[in-house]
1. If you go through region 80-111 one residue at a time, how many are closer than 11 Å to residue 52 by Cβ and outside any helix (DSSP H, G or I)?
2. For residue 72, all conditions in the list (1) within 28 Å of residue 47 (Cα to Cα); (2) at pLDDT below 95 hold save one; what is the number of the exception?
3. Of all the residues that make up region 92-110, how many are in contact (Cβ under 8 Å) with a residue 24 or more places away in the chain and aliphatic (A, V, I, L, M)?
Amino acid sequence: MYVKDLCVCMMYMCIYNVHIYIVFTLCVDAPPPPSPPPPPSHTRQIAAKHSKRIPDDVDYASIATLSLEAREKLTRIRPATIGQASRIGGVNPSDIANLLVHLEVRRRQEEKGREEEKGREEEKGGEEEKGREEEKGGEEEKPQQEEKPLVSVA
């Protein structure tokens, strides 16, 4: 029972001149207030992390931040998702956090590599188009202007 509830019970006892046993029985038997549900975004974040896929080619032995036991078990079991990895005995929450960081760093590096490759391809494509335009530039004829007939004013 909270101090606030105790004060309310004492107030009823004084105002209504009710026996203390009845007041405390009513106050103690009352259900506690419901606790607020967790925010939905937090639940979605946890679910998203647990369903995050782990690529097959991850080399757990090269991740220095994982504990030795976690490296051995992850290498042997090869979980498909973070949720599966988190349920392996001997893999601590800190190991899961380190694995998530490693996967995010790897994803960003791959994304950066793809962007650089795409930029190089666009540069090559632009240079080829310029070369074609220059080749066509010498061959193209300039459009002829139409000759307007002379009008005589009589």
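The values are calculated or read from the model by the stated rules, or taken from the named source; none is laboratory data. Just so you know, these numbers come straight off a predicted model, no measurement behind them. Here the Cβ is made from the backbone with ideal geometry for all residues, glycine too, and neighbour counts use every protein chain on show.
1. Taking region 80-111 and keeping what is closer than 11 Å to residue 52 by Cβ, we get 80-86, 96, 99-100, 103-104, 107.
Then keep just the ones that are outside any helix (DSSP H, G or I); that gives 80-81.
Qualifying residue count for the region: 2.
2. Unmet condition: (2).
3. Looking only at that region, the number is 4.
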